[in-house]
1. Using +1 at the C-beta of Lys and Arg and -1 at the C-beta of Asp and Glu, which of PHE48, PHE10, PHE65 has the Cα lying farthest in the positive direction of the dipole of the range 1-69?
2. How far is the Cα center of the range 1-58 from the Cα center of the range 140-167, in Å?
3. With N set to the residue count of the range 9-50, report its C-alpha Rg divided by 2.2 N^0.38 Å to two decimal places.
4. Mind listing the long-range amide H neighbours of PHE123? Cut-off is under 5 Å, sequence gap 5 or more, other chains count too, H placed in the peptide plane at 1.01 Å from N.
5. Taking a probe of 1.4 Å, how large is the accessible area per residue of the range 37-91, in Å²?
6. Under Stokes-Einstein, with the Kirkwood radius over Cα pairs standing in for Rh, what whole-number D in µm²/s applies to the range 9-88 at 10 °C and 1.306 mPa s?
7. Once neighbouring chains are kept in place and the probe is 1.4 Å, which whole percent of the accessible area of the range 1-53 is contributed by carbon and sulfur?
8. Give a residue-ordered list of calculated ³J(HN,Hα) values for the range 184-191 (Karplus: 6.51 cos²θ - 1.76 cosθ + 1.60, θ = phi - 60°; whole Hz; x for Gly, Pro).
Amino acid sequence: MLLSQGFTPFFYLSATVLFWYMKDKKMLIVTILISFLSGVKGVYLAEFIALTLIVFYDKNLSKAFKIKGILVLFFCFTTVTMVILNISPFKELIKSDRLLTAIFSYRIEYSKELISLITKDNFNYLIGATGIEKVRLEMQIIDIFLFFGIIGFAVYSYFIYGIYKIIKKKYLAVILLLTVIITSIFIGNLFYIPMSSLLIVLTLLCLSKDEDFIKINPIA
C-alpha cells in the first residue's frame, strides 16, 4: 500500500509505537503482522529495535516477561532476516559478493567508491560537496556530511537536540527518536523524504503530550 520503500520503515515504526502508547492491542498486532509482510529490511530493523527497547523500559512489565519478550523478538527478527536473505535477489548477492553486500544493498561499496573520489578540489569539510557528484548513499550520517559538511551536520544535530528537549520526559517518544536515528544510519531516507520527517515529528509530539491533558481535551 505504500509506494515509497524509503518511507515504509518510519510509517510502521510510528504506528507500532502509537498503538502501544494507546494500548490498542488489536491494531498493534495487525501493524506488526503487516510490517513483516512488507519484505523491507529497514522495517524489520526498526521494529526490532523499537519493540526491544519498549519491552525493556516498560515499567508495567515483569522481569520474566521482559526476558521472554526480548528473546522472542530476537528469534523473530533473526528468522525473518534469514528467510529474506535466502530468497531472490539477496540469495544471488550473497553467492556473487558477500553477506554484508546483501544486508546493506551495496551501500558499503558505494560509500567506499564515493569517498575515494573526494579531493580538496571537489569537497569542503565545512559545507560538503562542491564538485563531486551528489549521490544518496542512504546512510543518513554520511549523506548529511557529504551534502552539507560539518556545518550541516551541526544544524541537523541541533534540530534533533531541540526535539529531544521537548520529549525527554516521555520514554516512548525517546525510544521512537532513538530508533529513528539508529535506523536512518543504515537506511537513510529520514531527512530527504519530507513525509518521513513530518510523520516522525508529529508522532513525537503526540507521544510527548501529557496524558491528563489528552483526557481533558480528547480532540487535542
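The values are calculated or read from the model by the stated rules, or taken from the named source; none is laboratory data. Just so we're clear, the structure is a prediction, and the values are computed from it rather than from any experiment. Don't worry about glycine lacking a Cβ; one is built from the backbone with ideal geometry, like all the others, and counts go over all protein chains shown. Surface accessibility is based on the protein's heavy atoms, side chains included, excluding ligands, DNA and RNA. Shrake-Rupley method; radii C 1.70, N 1.55, O 1.52, S 1.80 Å.
1. Positive-most Cα among the choices belongs to PHE65.
2. Going from one Cα centre to the other spans 24 Å.
3. In units of the 2.2 N^0.38 Å rule of thumb, it is 1.02.
4. Hits under the 5 Å cutoff: THR130, GLY131.
5. The answer is 60 Å² per residue.
6. 122
7. Whole-percent figure for carbon plus sulfur exposure: 74.
8. Those phi angles translate into 5, 4, 9, 10, x, 6, 7, 8 Hz.
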